[in-house]
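Remarks on the structure that follows.
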Amino acid sequence: MKNQFTINNPVVLHFGKDILKDLPGVISRYGKRVLFLYGKGSAVKYGYYQKIRDLLDENGFFVFEYSGINPNPSTEDVEAAYTEGINNDIEVILALGGGSVTDTAKAVSLCIPERLPVWDVVKYKKKPSKAIPLITVLTLAATGSEMNAFSVIQNSETKEKLGFGYPPLSYPKHSFLNPEFTYSVPADYTAYGIVDIIAHAFENFFGGGDSSLADRFAVSIIKEAVHYAPLVLKEPENYEYRANIMLQSACALSGITSYGKEGGDWGVHSAAHVLSVLYDMPHGASLSIVYPAWFRLQKNRIPERLKRLASLLFDTENIEHFITLTEDFFLSIKSPVSLKTEGFSEKDKSKIIHVMRQNKVSGNNYKLSSDDITALVELMFS
Ligand code: NZQ
Ligand code: ZN
């Protein structure tokens, strides 16, 4: 356990079927001029947009919208939303969507007050000292962005996809989680979301330092995700199943899985982001490809840590068996585990290695050398 640490997650989480009735009152605490952000179409198609727009209109807010935010959002998404915010002197941001919309909103909220260039903020070259208050309404359980201070933005020019955060500034003030808003998430993104939840628990499990309770929080979240995954895929409109997955998402990266530790490793995310930036691969799909490869890379380096996870999770001390069970689970929910079976070529392999080396893909706790990157990518093709 770390000698000294502070815990402060200031997000007010509103969870359940009827929570949206509280939304207008909550927004009005921060202002009347609202920048309303959403994605490419699902919020409109399934009626979530209209529900919220009606609430805003009925309560006399001045609403300025920016929509069409891409999955795996880029600096362009942030800049366009930022311009809309600045032109209209907005006081509060409302994000309706999954991690991509939420992360874009976080970046906009940090850049607007001091007119900071987004990529400088992402790279910690310019540090914001103010943020526009952000309120989120989540439509996809996956990233935990609703409950943390991080955002992940990609730069298509430099081929980088980077996570950054400025706690406590970049925490949403409030997050509204109605599991019914996730009924419409298709099977593939439901599965990718579940992989992401599990990956956040894994990353923290492999972070620096020791905390038995944090290990058990992480493993409990993974067990819950593994339990509810087949149920929710079979019955996507079951409230209990969606609610459980949504709560797992909110907890997995809320801080509890690293209480008493140094933080997470994030080497697998760092590698997976390269697949997203190069091939626009959904985040969860990239993680289910990298994790088995990373486990195999680390098998003889950190056997004790892997055995602890294997025994807590699947009641085995056989690391290869643990990796196979993890792969089987990912495959059972149709999330890929190999680049080879996904049709990637030798040419892709060289490109991936090149960009991973260029981006210095590595973990905080388990550093990856250039040779490790090659070995990792080779394993992703096995
Ligand atoms: O764009 P629309 O039309 O809304 O469609 C989205 C998108 O195509 C759709 N969708 C969302 N809610 C839906 C829905 N479809 C039907 N019904 C609904 N209720 O799902 C697709 C994926 O949405 P997206 O927001 O991209 O997914 P996710 O929540 O997985 O977010 C992924 C992004 O978050 C980053 C990832 O790297 C990626 O860029 N992450 C953010 C983190 C954070 N801020 O803490 C941590 C994570 O590790 C992750 O890196
Ligand atoms: Zn993730």
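The values are calculated or read from the model by the stated rules, or taken from the named source; none is laboratory data. Because the structure is predicted, anything quoted here is derived from the model rather than measured. Here the Cβ positions follow ideal geometry from the backbone for every residue, glycine too, while neighbour counts run over all protein chains shown.
Where helices (runs of 4 or more DSSP H) fall entirely within segment 238-341, those with at least 3 residues that are polar (S, T, N, Q) and at pLDDT 95 or above are at 239-252, 283-298, 319-332.
Residue-wise test of (1) over 22 Å from GLU320 (Cα atoms); (2) within 12 Å of ligand 2 (Cβ to nearest atom); (3) of a type in the set (Val, Ile, Thr).
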{"site": "GLU224", "(1), (2), (3)": "yes, no, no"}
{"site": "GLY267", "(1), (2), (3)": "no, no, no"}
{"site": "SER270", "(1), (2), (3)": "yes, yes, no"}
{"site": "ASP280", "(1), (2), (3)": "yes, no, no"}
{"site": "SER288", "(1), (2), (3)": "no, yes, no"}
{"site": "ARG296", "(1), (2), (3)": "no, no, no"}
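Residues of segment 24-58 that are within 15 Å of ligand 1 (Cβ to nearest atom), in contact (Cβ under 8 Å) with a residue 40 or more places away in the chain and part of a loop (DSSP other than H, G, I, E, B): GLY39, TYR46. Of the residues making up segment 49-103, those that are among the polar types (S, T, N, Q) and within 16 Å of ligand 2 (Cβ to nearest atom) are ASN72, SER100, THR102.
Scanning segment 72-81 turns up at least one residue that is within 16 Å of ligand 1 (Cβ to nearest atom), more than 17 Å from PRO24 (Cβ to Cβ) and either without any contact (Cβ under 8 Å) to a residue 12 or more places away in the chain or among the hydroxyl-bearing types (Ser, Thr, Tyr) (or both).
Report, by residue number, each residue of segment 215-246 that is among the small types (Gly, Ala, Ser) and within 13 Å of ligand 1 (Cβ to nearest atom). Passing the criteria: none in range. Taken together, SER249, SER276, SER270 contain a single residue that is closer than 16 Å to GLU342 by Cα and either within 13 Å of ligand 1 (Cβ to nearest atom) or basic (Lys, Arg) (or both), which is SER276. Would you be able to tell me the number of residues in segment 218-232 that are surrounded by fewer than 22 Cβ atoms within 10 Å (Cβ to Cβ) and within 18 Å of ASP315 (Cα to Cα)? The total comes to 6.
Applying the set (1) more than 28 Å from THR6 (Cα to Cα); (2) surrounded by fewer than 18 Cβ atoms within 10 Å (Cβ to Cβ); (3) away from ligand 1 (no atom under 14 Å from the Cβ) to GLU262 leaves exactly one unmet item: (1).
If you go through segment 38-55 one residue at a time, do you hit one that is more than 30 Å from TYR241 (Cα to Cα) and not assigned by TED's automatic domain parsing to the domain that holds ASN204? Looking through segment 38-55, none of the residues is more than 30 Å from TYR241 (Cα to Cα) and not assigned by TED's automatic domain parsing to the domain that holds ASN204. When MET1 is tested against the conditions (1) touching a Gly at 6+ places or on another chain (Cβ under 6 Å); (2) under 23 Å from VAL152 (Cβ atoms), the lone failure is (2).
Taking every residue in segment 258-280 that is within 20 Å of PRO292 (Cα to Cα) and assigned by TED's automatic domain parsing to the domain that holds LEU368 and pairing it with any residue that is among the basic types (Lys, Arg) and within 11 Å of ligand 1 (Cβ to nearest atom), at least 6 positions away or on another chain, the pairs with Cβ-Cβ distances below 6 Å are HIS273/LYS161; SER276/LYS161.
Within segment 169-201, being β-branched (Val, Ile, Thr), away from ligand 2 (no atom under 14 Å from the Cβ) and assigned to a helix (DSSP H, G or I) holds for THR182, THR190.
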